[in-house]
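Right, one structure below, let's go through it.
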Amino acid sequence: MSNMNTAMIEKYRNNFLKEVEANVEEGEWVKMCMQCGVCSGSCPLGPYWDHPPQEIFMMIRAGKREEVLSSSSMWMCTSCYNCIARCPRGLPITHIMHGLAHYADRLGLAPKEQPTRKFAKHFWDNLTKKGRVNELKLGLKLYFMNGFGEGIKTAMKMKDVGLGMWKSKRLSIGELWGGHSIKDTKGLHAILNKAREIEEAKAKKFEG
Amino acid sequence: MSEIVASNETILVVGGGISGMTAALEAAECGKQVILLEKTPALGGRVSQLYRYFPKLCHPTCGLEINLRRVKANPNLRVLTMAEVTAVSGDAGNYSVKVRISPRYVNENCTACGECEKAVEAEFDDEFNYGLGKRKGAYLPHKMAFPQRYVIDPAIIGTADADKAKEACKYGAIDLDMQEQEIELTVGAIIWATGWRPYDAARIQPYGYDRIANVITSVEFERMADPYGPTGGKLLRPSDGKEAKDIAFIQCAGSRDRNHLKHCSRICCMASLKQSTYVTEKHGEDGKATIYYIDIRAIDRIDDFYRKVKENPNVSFIKSKVANIVEDKETGNPVLRGVDTEGYHRYENPHDLVVLAVGMEPSVPADAFPVDVEINEEGFIEASPDNGAVFAAGCSSDALDVNRAVQSATASALRAIQVINRAAGTEG
Ligand SMILES: Cc1cc2nc3c(=O)[nH]c(=O)nc-3n(C[C@H](O)[C@H](O)[C@H](O)COP(=O)(O)OP(=O)(O)OC[C@H]3O[C@@H](n4cnc5c(N)ncnc54)[C@H](O)[C@@H]3O)c2cc1C
Ligand code: SF4
Ligand code: SF4
């Protein structure tokens with residue numbers, strides 16, 4: 001368990017709702033949920049969630065901290081925004097889901113093998129290197145995410161798509177060596193480093 | 001039309017629904033001069049379109065009849081139908097009101113014999129039945145209509161149908177040259193009782209009211225249940241005319257929702273509880289009603305009613321706001337999809353017919369009031385000293401059931417009377 005996690009348990013004791021309100025993006029909206037269920041019923045991935053958003057909000061209010069933060073549910077969100085469009089109380093549900101996922105990750109409680117989480121990490125590493133997504137490298141990384149054998153299988157299955165993308169100039173073999181980039185990668189890295197510094201300083205406060 | 005005499009001791013009531021009629025009668029029976037304006041060709045408002053009404057489940061015709069008898073008997077009360085206020089100027093105790101009266105093309109000689117209706121061919125959507133049926137181009141708005149006088153639809157004026165109607169009338173009641181009139185009234189106080197309208201169900205996109213035949217609104221369901229309604233009192237599916245026995249009700253359709261009406265419309269929980277009794281009344285053991293809800297808001301004495309409905313094994317409750325409805329193309333059944341709040345079970349439930357318990361919104365949009373009054377966020381008239389002697393009654397002040405609408409009407413009558421007494425110098 002991370003230091004920050006222990007610090008947070010200490011700080012908020014039995015009040016998980018307060019903890020979420022203070023630390024999770026858009027967390028102050030959680031108390032506004034009236035448990036109507038529209039978000040859960042509207043989610044195209046709904047059947048795959050252990051706990052649909054409506055239930056997550058109730059669990060937060062019921063103080064089920066471990067269950068919520070270690071859940072794979074909020075990692076299921078694909079940002080389709082159906083729930084936000086329909087929520088009668090205007091909760092920014094998508095943002096709260098990402099906020100919860102991010103918070104769980106920072107505390108070291110997020111499920112390690114959750115594929116969306118793994119993808120998000122690969123995507124981030126890929127994107128931040130050059131400021132542009134390297135489709136080829138990202139694709140390969142994903143295919144081989146679960147081992148070499150499965151990687152080959154997936155690559156074979158996807159070869160027509162790849163070929164199509166190559167023909168329509170959406171994908172270049174040259175990307176394997178270097179790849180395209182934004183003009184000022186240094187500037188981008190400076191911004192990201194600064195952001196990381198701020199985040200870490202916040203976390204330090206708790207770890208004391 | 002004879003001259004309408006009005007002075008600053010006259011009270012004007014705008015809207016002839018249950019609230020406007022009540023306010024007008026209370027004031028007139030206190031000896032005040034009252035003019036009651038109604039936009040449509042008949043008094044009664046939306047209550048006259050209900051099959052039964054809660055909590056006693058009596059037929060609204062009964063209450064309406066008593067009120068109409070009081071209207072007819074009172075010499076202080078003057079009723080103008082097909083009339084709308086276009087402008088108001090002046091202050092409390094002395095208003096000048098411009099009124100536009102649309103031509104009815106039928107005069108006082110009409111005996112409501114119905115010969116003109118038989119003679120005319122053109123048909124139009126019947127507004128009394130929310131478009132579920134048709135009416136002729138010469139019509140009586142509904143069987144209890146007051147005044148009991150036919151109306152010629154302006155759309156047939158200038159056509160052969162109009163001449164046929166005129167020829168068929170043995171009493172010389174049809175006057176095809178009638179023109180729109182503008183009159184100006186001087187009044188001391190105004191009671192605003194223009195009521196409500198159902199929220200436009202087609203705007204609730206996931207429920208498919210505009211796409212799925214067997215998704216209807218609660219106001220349409222009232223008309224269906226009425227033996228004098230478009231289906232003769234049978235609960236029929238619009239898609240295939242088959243009897244609907246397994247009926248779902250969706251609460252808060254357009255209410256308590258930031259995308260639609262923010263307020264709770266207050267009457268729709270009770271309306272659906274009431275309508276679930278129609279299902280058992282019509283089908284007995286074979287009828288099944290399922291109510292999908294966020295929470296049931298049955299207030300004070302009405303809670304008894306809720307408890308009684310809950311005891312009926314043929315009525316079930318699912319705590320969930322339905323997420324969306326799709327149509328089963330083969331059966332025409334609407335399929336309701338969502339997740340319930342008691343256990344978070346995902347469901348996909350087909351029903352024969354779905355009734356949307358639509359919300360109430362003010363019938364006059366906030367930007368269309370011809371009089372300067374304070375309107376709240378929901379579009380209802382707020383009680384405010386800045387309103388002068390304009391007092392809201394019934395559903396133009398809030399979403400109310402008949403009981404509360406009538407209370408508010410009586411209160412507004414009393415306020416108007418005080419203004420008139422002051423104007424007449426009989427007070428203080
Ligand atoms: C599905 C459903 C079922 C219901 N069932 C019940 C029930 O069982 N029991 C109960 O107590 N309540 C019930 N209600 C509520 C009930 O319908 C209202 O309380 C009642 O209609 C309020 O009366 P009102 O006179 O304020 O408004 P309205 O009935 O809307 O009357 C307003 C009148 O003003 C007229 N008007 C509108 N605009 C103008 C204008 N600009 N100029 C002149 N005239 C105008 C209209 O034509 C109408 O005649 C139900 C509501 C719904 C939606
Ligand atoms: S749609 Fe909104 S109010 Fe309804 S359960 Fe989801 S978050 Fe809560
Ligand atoms: S009365 Fe019931 S159905 Fe109507 S808006 Fe309020 S809670 Fe919803």
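The values are calculated or read from the model by the stated rules, or taken from the named source; none is laboratory data. Being a predicted model, the structure only gives us computed values, none of them experimental. So basically every Cβ, Gly included, is an ideal-geometry build from the backbone, and we count neighbours across all protein chains shown. Note: areas computed on protein heavy atoms with side chains; ligands, DNA, RNA excluded. Shrake-Rupley method; radii C 1.70, N 1.55, O 1.52, S 1.80 Å.
Numbers for the structure displayed
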{"read-out": "Gyration tensor verdict on chain B (Cα atoms; rounded if a/c is under 1.5, prolate if a/b is larger than b/c, oblate otherwise)", "value": "oblate"}
{"read-out": "Largest to smallest accessible area among B:L414, A:L107 [probe 1.4 Å]", "value": "B:L414, A:L107"}
{"read-out": "Cut-off under 5 Å, modelled amide H: who pairs with B:Y150 long-range", "value": "B:A112"}
{"read-out": "Rounded to the nearest 10 Å², the accessible area of A:L142 at probe 1.4 Å", "value": "50 Å²"}
{"read-out": "Delta accessible area of at least 30 Å² on complex formation, residues of segment A:22-55, 1.4 Å probe, chain isolated as reference", "value": "A:M34, A:Q35, A:C36, A:V38, A:G41, A:Q54, A:E55"}
{"read-out": "For chain B, built as a Gaussian network whose Cα springs stay under 10 Å, the top-fluctuating residue of B:I156, B:I267, B:I18", "value": "B:I156"}
{"read-out": "³J(HN,Hα) computed for each position of segment A:108-121 - Karplus, 6.51 cos²θ - 1.76 cosθ + 1.60, integer Hz, glycine/proline x", "value": "x, 9, 5, x, 4, 8, 5, x, 4, 5, 4, 4, 4, 5"}
{"read-out": "Average accessible area per residue (Å²) across segment A:25-113 - probe 1.4 Å, nucleic acids and ligands excluded", "value": "39 Å²"}
{"read-out": "Residue-normalised accessible area of segment B:224-298, expressed per residue, 1.4 Å probe, Å²", "value": "36 Å²"}
{"read-out": "Probe 1.4 Å - accessible area at B:H263, Å² to nearest ten", "value": "20 Å²"}
{"read-out": "GNM flexibility winner over chain A from A:I173, A:I60, A:I93 (Cα, springs under 10 Å)", "value": "A:I173"}
{"read-out": "Sum of side-chain charges, B:A83 neighbourhood, beta-carbon under 10 Å (Lys, Arg +1; Asp, Glu -1)", "value": "0"}
{"read-out": "Segment B:1-121 shape via C-alpha gyration tensor axes, a/c threshold 1.5", "value": "oblate"}
{"read-out": "Karplus 3J(HN,Hα) series, Hz, for segment A:160-170 with 6.51 cos²θ - 1.76 cosθ + 1.60 (x for Gly, Pro)", "value": "5, 4, x, 4, x, 5, 5, 5, 8, 6, 8"}
{"read-out": "Residues with amide H under 5 Å from that of B:E361, placed H, sequence gap 5 or more", "value": "B:R197, B:Y199"}
{"read-out": "5 angstrom amide H check on B:L43, placed H, neighbours 5+ away", "value": "B:F146"}
{"read-out": "Ranking by accessible area, most exposed first, for A:S168, A:S71 with a 1.4 Å probe", "value": "A:S168, A:S71"}
{"read-out": "Quotient of Cα Rg and 2.2 N^0.38 Å for segment B:115-168, N being how many residues it contains", "value": "1.08"}
{"read-out": "Accessible area per residue, Å², segment B:6-153 with all protein chains present, probe 1.4 Å", "value": "41 Å²"}
{"read-out": "Solitary cysteines of chain A, where the nearest other Cys Cβ is not under 4.7 Å", "value": "A:C33, A:C36, A:C43, A:C77, A:C80, A:C87"}
{"read-out": "Alpha carbon centroid spacing (whole Å) that separates segment A:32-56 from segment B:298-324", "value": "23 Å"}
{"read-out": "Accessible-area order (highest first, 1.4 angstrom probe) of the listed residues A:D184, B:D91", "value": "B:D91, A:D184"}
{"read-out": "Vicinal HN-Hα couplings computed from phi for segment B:358-366 (Karplus, 6.51 cos²θ - 1.76 cosθ + 1.60; Hz; Gly/Pro x)", "value": "6, x, 9, 10, x, 6, 9, x, 3"}
{"read-out": "Among B:I157, B:I417, B:I11: highest mean-square fluctuation, GNM of chain B, C-alpha pairs under 10 Å", "value": "B:I157"}
{"read-out": "Segment B:50-117-segment B:358-428 distance, computed between alpha-carbon centres (Å)", "value": "18 Å"}
{"read-out": "Helix-derived mean residue ellipticity, 222 nm - over the protein assembly as shown, DSSP H n ≥ 4, -39500 (n - 2.57), to 500", "value": "-10500 deg cm²/dmol"}
{"read-out": "Apportionment of accessible area to carbon and sulfur, segment B:18-110, percent (1.4 Å)", "value": "47 percent"}
{"read-out": "In Å², nearest 10: area of B:E117 left accessible to a 1.4 Å probe", "value": "60 Å²"}
{"read-out": "Exceeding the 32 Å Cα-Cα cut-off - candidates A:K31/A:K204; B:K39/B:K242; A:K31/A:K186; B:K164/B:K242", "value": "B:K39/B:K242; A:K31/A:K186; B:K164/B:K242"}
{"read-out": "Heavy-atom accessible surface of segment A:92-208: percent carbon and sulfur, 1.4 Å", "value": "63 percent"}
{"read-out": "Pairs from A:K137/A:K159; B:K72/B:K274; A:K129/A:K194; A:K18/A:K194 whose Cα-Cα separation, in the structure shown, is over 20 Å", "value": "B:K72/B:K274; A:K18/A:K194"}
{"read-out": "Formal net charge of residues neighbouring A:K129 (Cβ-Cβ distance under 14 Å; K, R +1; D, E -1)", "value": "+2"}
{"read-out": "B versus A: buried accessible surface, summed, Å² (probe 1.4 Å, to nearest 100)", "value": "1400 Å²"}
